[in-house]
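One structure is given below, encoded as C-alpha cells.
The values are calculated or read from the model by the stated rules, or taken from the named source; none is laboratory data. Everything numeric in this text was worked out from a predicted model, so none of it was measured. Don't worry about glycine lacking a Cβ; one is built from the backbone with ideal geometry, like all the others, and counts go over all protein chains shown. Keep in mind that these areas ignore ligands, DNA and RNA; they rest on the heavy atoms of the full protein, side chains included. Shrake-Rupley method; radii C 1.70, N 1.55, O 1.52, S 1.80 Å.
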Amino acid sequence: MTEKKMGRPTDKPMPVRVGFRLDTETLNKLDKYCNVNNISRSKAIRKAILRLIDDN
C-alpha cells in the first residue's frame, strides 16, 4: 500500500477543481483585481462567489 503524501496541514481542504472559460476582457479585469489586492485568481473567484451568495 502506498503512503499518503503529506502536504501543508489545513482546516479547510479544497479537493474540487473547477474549470471554466472567460473572455479576454474579463480575465484582464480579474488579473488587475488580483494584482491590486495581491491575491490569487482562485482566491478572488472564491471571494466573488461568497459575495454573490451573501447578497441574496
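Taking the range 1-48 as the range and being assigned to a helix (DSSP H, G or I), β-branched (V, I, T) and within 13 Å of the chain's Cα centre (by Cα) as the test, only I45 passes. Which one of the conditions (1) open to solvent by 100 Å² or more (accessible area, probe 1.4 Å); (2) on the phi < 0 side of the Ramachandran plot does D23 fail to meet, given that it meets all the rest? That leaves (1) as the condition not met.
Taking each residue of the range 15-33 that is among the aromatic types (F, W, Y) and looking for partners that are surrounded by 10 or more Cβ atoms within 10 Å (Cβ to Cβ) and outside any helix (DSSP H, G or I) with beta-carbon atoms closer than 9 Å, six or more apart or interchain, yields Y33/I39.
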